[in-house]
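The values are calculated or read from the model by the stated rules, or taken from the named source; none is laboratory data. Only a predicted model underlies this, so the values are computations on that prediction, with no experimental measurement involved. Backbone-built Cβ (ideal geometry, glycine too); neighbour counts: all protein chains shown.
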Amino acid sequence: MLKKQTVWLLTMLSLMIVLSVYYMMSDKEDLAYIDTGQEGLEQTINQNEVENDVEVEGITPVQGNELFTTIRMELEDERNIKKDRLKEIVASSSATATEINEALNEIDTMEKVATKENILQETILSTNEKYEDVLVRAEDNKVHVHVITDNLPREEAVKIMQMVKDELGEMTVDVNFQATNS
């Protein structure tokens with residue numbers, strides 16, 4: 001059996017590798033903190049302002065695609081933390097066979113839901129070229145679908161709801177859209 005410290009170290013190391021690869025492979029313009037090269041947007045701090053308030057100029061709002069990426073990463077992090085806790089139960093010598101089976105079933109369920117969410121995102125995105133991005137999140141017995149597009153007619157929303165029900169079964173589906181910034 002691996003010690004907890006070893007498992008933790010390997011988990012952190014693999015997380016660093018994944019994040020490094022993601023950073024290197026991502027488009028530099030998609031990152032929210034990249035300097036856009038626009039002159040005149042600087043952070044101004046006076047000695048008096050340090051004591052009272054700090055004034056920052058040039059803060060740009062996060063675009064929808066960046067927000068969806070951030071939400072996806074946070075959701076993945078939450079799930080990984082939960083999986084790690086469940087894996088600790090599986091590796092525990094004091095856990096009963098029932099607890100181990102429940103933990104393994106929950107891990108399997110989480111992985112299946114994440115896979116189905118990704119499939120739905122890609123499927124919905126490919127159904128209409130006007131969709132800039134799609135975010136699907138399944139929580140308990142409800143599925144939230146957010147689409148970035150100019151407009152989302154009722155027929156399109158119903159079509160998306162049917163795709164979700166076909167993939168995930170009978171669940172409450174919440175479909176929202178966010179207008180594009182163009």
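In table form, for the structure just shown:
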quantity	calculated
Filtered residues of the range 123-177 (kept if assigned to a strand (DSSP E or B) and small (Gly, Ala, Ser))	138
Residue in the range 95-115 that is over 23 Å from residue 70 (Cα atoms), assigned to a loop (DSSP other than H, G, I, E, B) and of a type outside the set (D, E, K, R) present	yes
Selection within the range 100-143 - among the small types (Gly, Ala, Ser) and free of Cβ contacts under 8 Å to residues at least 24 places away in the same chain	103, 126
Residue satisfying all of: in the range 1-37; at pLDDT below 80 and of a type in the set (Phe, Trp, Tyr); surrounded by the fewest Cβ atoms within 10 Å (Cβ to Cβ) among these	33
Output for the range 126-172, where each listed residue is within 23 Å of residue 77 (Cβ to Cβ) and surrounded by 14 or more Cβ atoms within 10 Å (Cβ to Cβ)	133, 134, 135, 136, 137, 138, 143, 144, 145, 146, 148, 168
Cβ-Cβ under 7 Å pairs, at least 6 apart or on other chains, the range 70-91 side surrounded by 12 or more Cβ atoms within 10 Å (Cβ to Cβ), far side hydroxyl-bearing (Ser, Thr, Tyr) and part of a helix (DSSP H, G or I)	84/11
